[in-house]
Amino acid sequence: MRKTMKREVMKKYSKVEVIWTDSTSGKIEWEYLSDLDKLPTSKCRTIGYVLEDNKKYITLGFSMGGKQVCGRMTIPRHAIITVRKLRNEIT
């Protein structure tokens, strides 16, 4: 069970690094159960600008310019290991 840590709510458009866990897929072919290798989750690192931060998820924008964003990703809170604020905020 993961410890419940008090989290800082990130200011909108803050540049952050999110370390999170993602699911992993195995081979898409027939395998003998006795030959299966371990299939651990993947540890991911995503950098972006906070568009939304709440108790359920954080949404990041990848490129921002003026009043536009190009590329977004929502990461569920239960998958997040750490969120670290980086320098250079968009104002």
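General observations
- In the condition set (1) at pLDDT 95 or above; (2) farther than 16 Å from K12 by Cβ; (3) within 15 Å of the chain's Cα centre (by Cα), C70 is compliant with all but (3).
- Considering the conditions (1) modelled with pLDDT of 95 or more; (2) in contact with a Ser or Thr (Cβ under 8 Å, 6 or more places away or on another chain); (3) closer than 21 Å to R87 by Cβ, S42 is excluded by exactly one of them, (3).
- Selection status of S34, assigned to a loop (DSSP other than H, G, I, E, B), among the hydroxyl-bearing types (S, T, Y), more than 15 Å from the chain's Cα centre (by Cα) and surrounded by fewer than 10 Cβ atoms within 10 Å (Cβ to Cβ): no
- Which listed residue, of K43, K55, is among the basic types (K, R) and either assigned to a loop (DSSP other than H, G, I, E, B) or surrounded by 11 or more Cβ atoms within 10 Å (Cβ to Cβ) (or both): K55
The values are calculated or read from the model by the stated rules, or taken from the named source; none is laboratory data. Predicted model, so just to flag it, every value in this text is computed and none were measured. When we count neighbours, we look across all protein chains shown, and the Cβ atoms used for this are built from the backbone with ideal geometry, even at glycine.
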